[in-house]
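Colleague: Okay, handing you the structure first.
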Amino acid sequence: MKITGTFLDEISHDIPHQNWGRKEWDADFQHMKNVGIDTVILIRSGYRKFITYPSDYLIKQYGCYQPPVDLVEQFLELSDKHGMNFYFGLYDSGHYWDSGDMTTEIDSNRHVIDEVWQKYGNHESFKGWYLSMEISRRTKGAIEAFQKLGQQCKDVSGGLPTLISPWIDGKKAVMAASGQLTKADAVSLKEHESEWSEIFDGIKGVVDAVAFQDGHIDYHELQDFFEVNKKMADKFGLQCWTNAESFDRDMPIKFLPIKFEKLRLKLEAARKAGYDKAITFEFSHFMSPQSSYLQAGHLYNRYQEYLKELL
Amino acid sequence: MKITGTFLDEISHDIPHQNWGRKEWDADFQHMKNVGIDTVILIRSGYRKFITYPSDYLIKQYGCYQPPVDLVEQFLELSDKHGMNFYFGLYDSGHYWDSGDMTTEIDSNRHVIDEVWQKYGNHESFKGWYLSMEISRRTKGAIEAFQKLGQQCKDVSGGLPTLISPWIDGKKAVMAASGQLTKADAVSLKEHESEWSEIFDGIKGVVDAVAFQDGHIDYHELQDFFEVNKKMADKFGLQCWTNAESFDRDMPIKFLPIKFEKLRLKLEAARKAGYDKAITFEFSHFMSPQSSYLQAGHLYNRYQEYLKELL
Amino acid sequence: MKITGTFLDEISHDIPHQNWGRKEWDADFQHMKNVGIDTVILIRSGYRKFITYPSDYLIKQYGCYQPPVDLVEQFLELSDKHGMNFYFGLYDSGHYWDSGDMTTEIDSNRHVIDEVWQKYGNHESFKGWYLSMEISRRTKGAIEAFQKLGQQCKDVSGGLPTLISPWIDGKKAVMAASGQLTKADAVSLKEHESEWSEIFDGIKGVVDAVAFQDGHIDYHELQDFFEVNKKMADKFGLQCWTNAESFDRDMPIKFLPIKFEKLRLKLEAARKAGYDKAITFEFSHFMSPQSSYLQAGHLYNRYQEYLKELL
């Protein structure tokens, strides 16, 4: 299964920044192209007070900091140049994480969507929207948020597609900053299907593709969960993508590039389940030959050998 | 705000060692010069049983290990060569951290100061003393320790200046080895001013400059705290420096280089508050183009772009 | 004390993978040779469902994943080429870690030993067995497991030597994924001697060499523990090796290369205690000039300077 998309993690929750300038980003888009990536997805346009573009609205309304670079403009220009499809990730106010309430995510993004489409909608590479709220089961208000924001994204942009990337509430679904790697109360396959069928039913029509993060379950559970996901996606008319995490969740250092054998197991499970597309979180830290983590460059080489196998 | 000083972290609490030899250090001093650094501050001359110079006193009295290299001599020679001002950081016995009692820090350093000045005082680059006890509010015995040791440093060396670098007891003041990034019981601005006015009053005359670590408070709190610090420093006749941390306290990996945007926010806050000088903890791991963390080299490039903006 | 052996950590519990291919491994064996390493020890041939060679038995019986590369074949070929002595590390089912019961380790390895000797015993570099169960005091069933498996290794292979590498239950014996660096209830020297004398008595004859991991005690405790270990090894007729850990257990990042001064203290303690051989965990991440951790290349340089001192 070939990876054809990657997130761009420039406003990070938990991955240290590489401090790249435009030159490094330009080169990285070329590295991506070289292995067949055609889609780049901004992970979020802002997180709390840090933002990726000079948003008058967010600076005024949420006290966000004036960003030193307009990353949205930069990424769109590079996407235009390299022929990439750019998905814009919505703003994450942090309010939901603190309070369990989606209201602020909806309110802020209603403005952000309009502002962004007005500023950047003319770029030919602007090809979709990423509804950046990372949810799992029991995320209150998620269906309503996806409905309202997904619909608005489509309305302003002439129906551009929308993507979500939730996580499976498996044994490795623990906080990044915690000292733990696993938890005891993981979701069962049956609960997963029941709860996500309800969510898929609620978001069909406003969400076009769902890319579950593939790193929270054990490797021997991949096939079963992937097949259930595909079945549900088919039933409710969603595209079924996989978000193949290229970092390793099993190690005390959170996080460094994954062992290729693990990535391969995950991609093969998605292939066998008939998934529509594979994207990764994310190329630039964990798979790029110019990553600050030199393991990433070796992963890039191993992955290229795998591509040759696929031919 | 230009960074003109850096700590040298060769006896580290919590930053893994780079295993550089003299050649790498010589090159790094050149890299520092190239971005306008004129001051290097040895973070401490020893920590528990590991020491930076062959101290007869510490080896005999505290069972310290014979160091394989005389780093103090090496750093002074390189400071002489590159025209740097070298500040010598006192010994940290570790006893205070274990017991809350400053007595051992005072007793040991009374000997260390004499020994060091006798051995190394002839170097023209020996330009100051760093009282290495990292304190915050409620550090018992800190005023007395600074008074005694600061006075002795000045007495033996013909009045060379003394520096301290305490931390603000903000939300990010957690132990490096803990799984947490923040704590709930952060100090308020008012408590900070009240408690530090008392400390500044107690150390005026024996401490010439105070460089608060800038990483324990949130970015939107910087301006208020920095202005209070400057006001207090002015009132009690201290120079007000900032210790601009160039590592990122917000990430699960403790610690990698900071995102440039964050460093910029902190430097700008110091500039606006009229600070006298900016130093960093520290150049060689987190900002150097030859750092083992390749993100540091990119931070060096971003920082140089910022310097051009300042012109 | 010269390091003449290293583990190969290709199925790791806790060290992120470098994603090297055969080319990088070939080069690394050359780097090892260049500093006098003549022995490579596969840390384990499998861990839970991940395995290093296509074992029909483990795939069928334990649901292990088909490995993308036969690492055992690769390492044996490279050992043949570079004139290394290869020690094969047994399979770790993970069952002991979960249950405290050694039965599965014994049962699975009885098959693995036969299978492996049949497949790979013809390689001239196959020179020994590593009984990979990492034990300390109070590890139930360890003596019986070492007896049975050690005897079988010798029986099938015409008496090739066997090695174990336990840990001392010192203050730094904490879980890698935990937020802690030390614990309070460390073993005393006297308890260590009493408990390990019993274990050595039980395994003499089936285990030829014991290489205690040297990283769980404090540096000032090294000499006493090393001398007791040597005394016990001599008494029960075992060779006494040291497993000189080349990563740093004292830092929040778990784990990066160790400060050379610390490695030197440990090697010198082993030399003074008259140890027979030093091996390291492990060269390729922590001491190799091509490691993804650039600190490792500098450690390689510092270590080479130390070798010159030894002449």
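Colleague: With +1 on each Lys and Arg Cβ and -1 on each Asp and Glu Cβ, and nothing else charged, work out how big the dipole of chain C is about its Cα centre, in Debye to the nearest 20.
Modeller: Using only the charged Cβ atoms, the result is roughly 400 debye.
Colleague: Same structure again: Going by average Cβ neighbours within 10 Å, how do the peptides A:163-172, B:269-278, A:86-95 rank, with the highest at the top?
Modeller: By packing density, highest mean first, the sequence is A:86-95, A:163-172, B:269-278.
Colleague: Would you give the gap between the C-alpha center of the range A:121-170 and the C-alpha center of the range B:168-232, rounded to a whole Å?
Modeller: Comparing the Cα centres of the range A:121-170 and the range B:168-232, I get a distance of 41 Å.
Colleague: Here is a follow-up. Go through the range B:136-145 residue by residue and turn each phi into a ³J(HN,Hα) via Karplus (6.51, -1.76, 1.60, θ = phi - 60°); whole Hz please, and just put x for glycine and proline.
Modeller: 3J(HN,Hα) across the range B:136-145, in whole Hz: 9, 4, 6, 7, 5, x, 5, 4, 4, 5.
Colleague: Could you work out, residue by residue across B:7-16, how many beta carbons of other chains sit within 10 Å of that residue's beta carbon, and then give the average as an integer?
Modeller: Rounded to a whole number, the mean comes out at 3.
Colleague: Using a/c under 1.5 as the rounded threshold, could you call the protein assembly as shown rounded, prolate or oblate? The axes a ≥ b ≥ c are square roots of the C-alpha gyration tensor eigenvalues, and prolate needs a/b larger than b/c, oblate otherwise.
Modeller: oblate
Colleague: Considering only protein heavy atoms and a probe of 1.4 Å, how much of the accessible area of the protein assembly as shown is carbon and sulfur, as a whole percent?
Modeller: 48 percent
Colleague: Per residue, how large is the accessible surface of the range C:163-247? Use a 1.4 angstrom probe and give square angstrom.
Modeller: Ligands and nucleic acids excluded, the figure is 38 Å² per residue.
Colleague: Of C:Ala278, C:Ile135, A:Asn85, which is farthest along the charge dipole of the protein assembly as shown in the positive direction, counting Lys and Arg as +1 and Asp and Glu as -1 at C-beta?
Modeller: It is A:Asn85.
Colleague: Note down the relative contact order for chain C as a percent, whole number, built from C-alpha pairs under 8 angstrom at least six residues apart.
Modeller: Normalised by residue count, the contact order of chain C is 17 percent.
Colleague: Tell me, what ³J(HN,Hα) does each residue in the range C:172-187 have, in order and in whole Hz, if you take phi through Karplus 6.51 cos²θ - 1.76 cosθ + 1.60 with θ = phi - 60° and put x for Gly and Pro?
Modeller: Once rounded to whole Hz, the list reads 9, 7, 10, 5, 4, 7, 7, x, 9, 10, 9, 10, 8, 8, 7, 6.
Colleague: OK, next. Rounded to whole Hz and in sequence order, give me ³J(HN,Hα) for the range A:97-108 from the Karplus expression 6.51 cos²θ - 1.76 cosθ + 1.60, θ = phi - 60°, writing x for Gly and Pro.
Modeller: 4, 7, 10, x, 10, 7, 4, 5, 4, 5, 4, 5
Colleague: Now for a different question. For the range C:210-311, calculate the relative contact order in percent as a whole number, restricting contacts to Cα pairs under 8 Å that are 6 or more residues apart.
Modeller: Reported as a whole number, the value is 27 percent.
Colleague: Now, a different point. Which pairs in the list A:Lys272/B:Lys259; A:Lys140/A:Lys230; B:Lys172/C:Lys266 are over 28 Å apart, alpha-carbon to alpha-carbon?
Modeller: Where the Cα-Cα span goes over 28 Å, the pairs concerned are A:Lys272/B:Lys259; B:Lys172/C:Lys266.
Colleague: Taking a probe of 1.4 angstrom, what is the accessible area of A:Tyr300 in Å², to the nearest 10?
Modeller: 20 Å²
Colleague: Also, quick follow-up: Given the C-alpha centroids of the range C:244-310 and the range C:1-55, what is the distance between them in whole angstrom?
Modeller: One Cα centre to the other: 16 Å.
Colleague: Under a point-charge model restricted to the Cβ atoms of Lys and Arg (+1) and Asp and Glu (-1), what is the dipole moment magnitude of the range A:187-311 relative to its Cα centre, in debye to the nearest 20?
Modeller: My answer is approximately 400 debye.
Colleague: A follow-up question, please. Given H placed on each backbone N at 1.01 Å, which residues far from A:Glu245 in sequence or on other chains put an amide H within less than 5 Å of it?
Modeller: Answer set, sorted by chain and number: A:Asp214, A:Gly215, A:Phe281.
Colleague: Could I ask something else about it? On average over all directions, what projected area in square nanometres does the range A:162-281 have, based on the convex hull of its Cα atoms?
Modeller: Directional mean of the projected Cα hull area for the range A:162-281 stands at 7.1 nm².
Colleague: For chains B and C, what's the summed buried accessible area, probe 1.4 Å, to the nearest 100 square angstrom?
Modeller: That pair of chains buries around 2100 Å² in total.
Colleague: Averaged over its residues, how many other protein chain Cβ atoms are within 10 Å of peptide A:262-268's Cβ atoms?
Modeller: Mean partner shielding for this stretch: 2.
Colleague: Among DSSP beta bridges lying fully in the range B:206-311, give the percent that are antiparallel, nearest 5.
Modeller: 10 percent
Colleague: Which of the lysines could be linked to B:Lys81 by a straight reach, that is with a Cα gap under 19 Å, when you skip same-chain ones fewer than 8 residues away?
Modeller: Within the straight-line cut-off, B:Lys81 pairs with B:Lys23, B:Lys33, B:Lys119, B:Lys127.
Colleague: Can you work out the accessible area per residue across the range C:31-135, with the rest of the protein chains kept in place, probe 1.4 Å, in square angstrom?
Modeller: Roughly 36 Å² per residue, with all protein chains present.
Colleague: Tell me which residues come under 5 Å, amide H to amide H, from B:Asn85 once H is placed; ignore anything under 5 positions away on its chain.
Modeller: Long-range HN contacts for B:Asn85: B:Thr39, B:Val40.
Colleague: Here's something else I'd like to know. How much mean residue ellipticity at 222 nm does chain C get from its helices, if each DSSP H run of length 4 or more adds -39500 (n - 2.57) and you divide by all residues, to the nearest 500 deg cm²/dmol?
Modeller: Using -39500 (n - 2.57) per qualifying helix, the result is -13500 deg cm²/dmol.
Colleague: Also, quick follow-up: Would you please give the residues with an amide H less than 5 Å from that of C:Trp129, counting only those at least 5 places away or on a separate chain, with H modeled from the backbone geometry?
Modeller: Long-range HN contacts for C:Trp129: C:Phe88, C:Thr162, C:Leu163.
Colleague: Have a look at the DSSP beta bridges in the protein assembly as shown and tell me what percent are antiparallel, nearest 5.
Modeller: Looking only at bridges with both residues in the protein assembly as shown, the antiparallel portion is about 10 percent.
Colleague: Also: If packing is taken as the mean number of other Cβ atoms within 10 Å per residue, what is the order of A:186-196, B:240-250, A:200-210, highest first?
Modeller: B:240-250, A:200-210, A:186-196
Colleague: Which aspartates and glutamates have a Cα less than 13 Å from the Cα of C:Lys171, not counting those fewer than 8 places away in the same chain?
Modeller: Straight-line reach from C:Lys171, under 13 Å: C:Asp185, C:Asp214, C:Asp218, C:Glu221, C:Asp250.
Colleague: How many partner chain Cβ atoms sit within 10 Å of a residue's Cβ in peptide A:169-182, on average, as a whole number?
Modeller: 3
Colleague: Packing-wise, with mean Cβ within 10 Å as the measure, how do C:4-13, A:114-123 rank, highest first?
Modeller: C:4-13, A:114-123
The values are calculated or read from the model by the stated rules, or taken from the named source; none is laboratory data. Note that the structure is predicted; figures quoted are calculated from it, not measured. We place every Cβ from the backbone using ideal geometry, glycine too, and count neighbours over all the protein chains shown. Heavy atoms of the whole protein, side chains included, go into the accessibility calculation; ligands, DNA and RNA do not. Shrake-Rupley method; radii C 1.70, N 1.55, O 1.52, S 1.80 Å.
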